[in-house]
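First up is the structure itself, then whatever we jot down about it.
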């Protein structure tokens, strides 16, 4: 089976400082994986390399078997790579629906004339609204994003990413800054994402990680320390030492 996303010998250095060190990583179609590691482990750098915000010093990035190592960010999105950010990047003065319609229009190649001929794109609006309903945001569709609680704003960001029809979705700390009362809603939505989308979550909330992920990759100092199931990661002494701050003296 061709991996949905793969990196081969991926490296990045800033001068003499390596921040991604020979990372070999593979995400199977429909995967539910998590990427964890202590602060400064290189998680965000790794994601920025995958999405094209940073250019690697060496190695390859493959999306569905296609080499996208030198492809611009927009090209990667069009080929099915979606991402949310640690800090949301929404148009907060626009309505929830308008934010998602823009993403759906972009996917269909109609973003340029969306607002000039809004009345002729009823199908796009209906598609966006259907997506909001799936994410439990239908009742909020006409509200300005800025009026939503932060947890719902994170859900809007996920809706925008899904509107672009990704085959691979990178969720960068979707629960960051979200009150605990709203975290459960976000986790429930993530658990119900379409099964054909490969999902990689980058998250500090271990309860969320261990509930969501079928496989976990631990990154330390820009390199993969270990990969395994949640049970294997929880039992690994190296992970407890470097990530949880525990030392196994037994």
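The values are calculated or read from the model by the stated rules, or taken from the named source; none is laboratory data. Everything numeric in this text was worked out from a predicted model, so none of it was measured. In this analysis, Cβ positions are derived from the backbone assuming ideal geometry, glycine residues included, and neighbour counts consider all displayed protein chains.
Here the condition is being farther than 28 Å from residue 3 by Cα and under 15 Å from the mean Cα position of the chain (by Cα); of 213, 198, 176, 159, it holds for 176 alone.
Taken as a whole, region 157-165 holds no residue that is more than 21 Å from residue 141 (Cα to Cα) and surrounded by fewer than 20 Cβ atoms within 10 Å (Cβ to Cβ).
Each row is one residue, and each column tells you yes or no for (1) in a helix (DSSP H, G or I); (2) surrounded by fewer than 17 Cβ atoms within 10 Å (Cβ to Cβ); (3) at pLDDT 75 or above.
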| site | (1), (2), (3) |
| --- | --- |
| 74 | yes, yes, yes |
| 77 | yes, no, yes |
| 92 | no, yes, yes |
| 98 | yes, no, yes |
| 104 | yes, no, yes |
| 111 | no, yes, no |
| 114 | no, no, no |
| 119 | yes, yes, no |
| 125 | yes, no, yes |
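Quick one: would you say residue 207 is over 13 Å from the mean Cα position of the chain (by Cα) and within 15 Å of residue 136 (Cα to Cα)? When the stated conditions are applied, residue 207 does not pass them. Count of region 210-220 residues, restricted to those that are touching a strand residue (DSSP E or B) at 6+ places or on another chain (Cβ under 7 Å) and either over 10 Å from residue 36 (Cβ atoms) or surrounded by fewer than 20 Cβ atoms within 10 Å (Cβ to Cβ) (or both), is 3. So, residue 35, is that one at pLDDT 95 or above, within 18 Å of the chain's Cα centre (by Cα), assigned to a helix (DSSP H, G or I) and crowded, with 20+ Cβ neighbours inside 10 Å or not? No; evaluated as a whole, the condition is false for this residue.
Within the option set 184, 203, being on the phi < 0 side of the Ramachandran plot and surrounded by fewer than 20 Cβ atoms within 10 Å (Cβ to Cβ) holds for one residue only, 184.
From the list 164, 143, 170, pick out the single residue that is farther than 21 Å from residue 106 by Cβ, in contact with a strand residue (DSSP E or B) (Cβ under 7 Å, 6 or more places away or on another chain) and touching a residue at least 12 places away in the same chain (Cβ under 8 Å). So the residue among 164, 143, 170 that is farther than 21 Å from residue 106 by Cβ, in contact with a strand residue (DSSP E or B) (Cβ under 7 Å, 6 or more places away or on another chain) and touching a residue at least 12 places away in the same chain (Cβ under 8 Å) is 143. Of the residues making up region 228-244, those that are crowded, with 18+ Cβ neighbours inside 10 Å and part of a helix (DSSP H, G or I) are 233, 239, 242.
When the criteria are applied in full, residue 225 fails the requirement of being crowded, with 21+ Cβ neighbours inside 10 Å and part of a strand (DSSP E or B).
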